[in-house]
Amino acid sequence: MPVYFKAGKLAMERGWAINIGGGFHHCSADRGGGFCAYADITLSIKFLFEKVEAVSKVLIIDLDAHQGNGHERDFMDDDRVYILDVYNRGIYPHDGFAKRAIKRKIELDYFTEDKEYLRLVERHVEGAMNEFEADVIVYNAGTDILEDDPLGLLSISAQGIIHRDEIVFKKARSKGIPIFMVTSGGYQKRTARIIADSILNLKKLKLIECEEAETSGSSARPAEPSAASTSGVVKSKSGGSVFGKFFGGLFTKTDDSTVGLAESKTTKSEMTVPTEEKRQHKIEEDITRDGSLTKQCDIDNEHPDNLSSGVSAIAGTNNAAQCNSITSEK
């Protein structure tokens with residue numbers, strides 16, 4: 001069973017699951033885009049609808065820095081799926097057509113910081129859960145919101161990301177809704193360490209617990225006390241659980257599934273917020289790039305059915321290719 005199917009199934013069985021390799025939210029059923037070659041979010045939701053009788057309503061909470069236009073296009077007219085999307089309004093994909101599927105749309109300004117971001121996340125996650133009675137939550141937890149991320153262009157601290165994930169899991173647990181998380185975008189080496197720290201924080205707060213996860217990584221770390229078996233983990237191809245790989249990978253380079261975790265360190269110098277000059281340069285550069293696409297993409301936005309199909313694994317290689325993946329917001 002593919003991991004994106006297993007994540008949803010385990011979440012329903014045990015209350016939670018985390019797939020540290022998922023979150024390809026720019027890919028829809030008929031096309032790729034923005035580094036996303038297959039639509040794992042759409043596939044996992046369709047699997048739940050078809051194979052798990054208890055699932056008839058799904059809430060997508062997309063907190064990656066970019067708009068999740070792939071799953072939005074796939075569930076455009078599907079009342080069984082409610083989409084909350086919080087993203088930087090000034091960056092890729094500018095998909096005006098896909099925005100029609102978003103039930104709660106929160107568009108952020110460049111370099112939004114912790115206080116405002118966390119206030120909006122808490123308010124709207126709570127609002128979405130009150131407004132829509134979901135059977136399961138799909139949480140797209142991108143770390144490209146991190147300060148200095150070259151593509152996200154927001155200014156959220158490492159601790160802000162950890163607190164964001166805590167907010168989402170606390171809200172889900174308080175309402176008794178199963179949740180599965182995918183880690184999505186993040187384009188700095190230190191994001192691996194932050195993801196690991198966030199998962200460890202969720203465990204510490206007992207928002208995620210699983211006896212299997214406590215024991216499967218024992219060969220790579222000191223023994224940990226057992227916890228109640230009330231939640232789920234997605235196993236890697238090598239057979240270890242997500243917790244096992246994270247605990248082992250934090251301190252030991254084990255196999256290919258954990259390369260990067262042991263090497264990833266968060267240093268004080270890396271946490272420096274960009275200077276105003278750097279920020280302005282990034283904004284001007286982004287505006288210039290997007291401006292060159294405005295005319296063609298406006299045409300595509302008016303006639304979304306004319307957009308060509310096909311996978312564009314890396315967005316922005318040229319104007320024609322990129323306009324096959326995006327539409328500019330009017």
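Below, the figures for the structure above:
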{"item": "Per residue accessible area of the stretch 1-49, 1.4 Å probe, in Å²", "result": "35"}
{"item": "Extension gain, Asp78 back to Tyr38 (0.36 nm per residue minus Cα-Cα distance, nm)", "result": "12.4 nm"}
{"item": "Area accessible to solvent at Lys46, 1.4 Å probe radius, in Å²", "result": "90"}
{"item": "Derived scalar couplings ³J(HN,Hα) [the stretch 131-147; Karplus, 6.51 cos²θ - 1.76 cosθ + 1.60; whole Hz; x for Gly, Pro]", "result": "7, 10, 8, 7, 8, 7, 10, 9, 10, 8, 9, x, 9, 6, 7, 4, 3"}
{"item": "Distance in nm between pseudo-label sites at Leu200 and Glu50 (7 Å out along the Cβ direction from Cα)", "result": "4.0"}
{"item": "Accessible surface of the stretch 29-69 [probe 1.4 Å, protein heavy atoms]: carbon and sulfur percent", "result": "52"}
{"item": "Nearest-0.05 FRET efficiency for Leu120 and Ala29, computed from C-beta distance (R0 30 Å)", "result": "0.50"}
{"item": "Over 28 Å between alpha carbons, listed pairs Lys99/Lys189; Lys115/Lys170; Lys6/Lys170; Lys9/Lys203", "result": "Lys99/Lys189"}
{"item": "Most to least packed among 103-113, 15-25, 200-210, 32-42 [average Cβ atoms within 10 Å]", "result": "15-25, 32-42, 200-210, 103-113"}
{"item": "Förster radius 25 Å - calculated FRET efficiency between Lys170 and Glu113, Cβ distance, rounded to 0.05", "result": "0.70"}
{"item": "Per-residue HN-Hα couplings for the stretch 19-32 [Karplus 6.51, -1.76, 1.60; θ = phi - 60°; Hz; x = Gly/Pro]", "result": "10, 7, x, x, x, 7, 7, 8, 8, 10, 4, 10, 6, x"}
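The values are calculated or read from the model by the stated rules, or taken from the named source; none is laboratory data. None of the values given here were measured: they were computed from a predicted structure. Cβ sites come from the backbone with ideal geometry, for glycine too, and all protein chains shown count toward neighbours. For accessibility, only protein heavy atoms count, side chains too; no ligands or nucleic acids. Shrake-Rupley method; radii C 1.70, N 1.55, O 1.52, S 1.80 Å.
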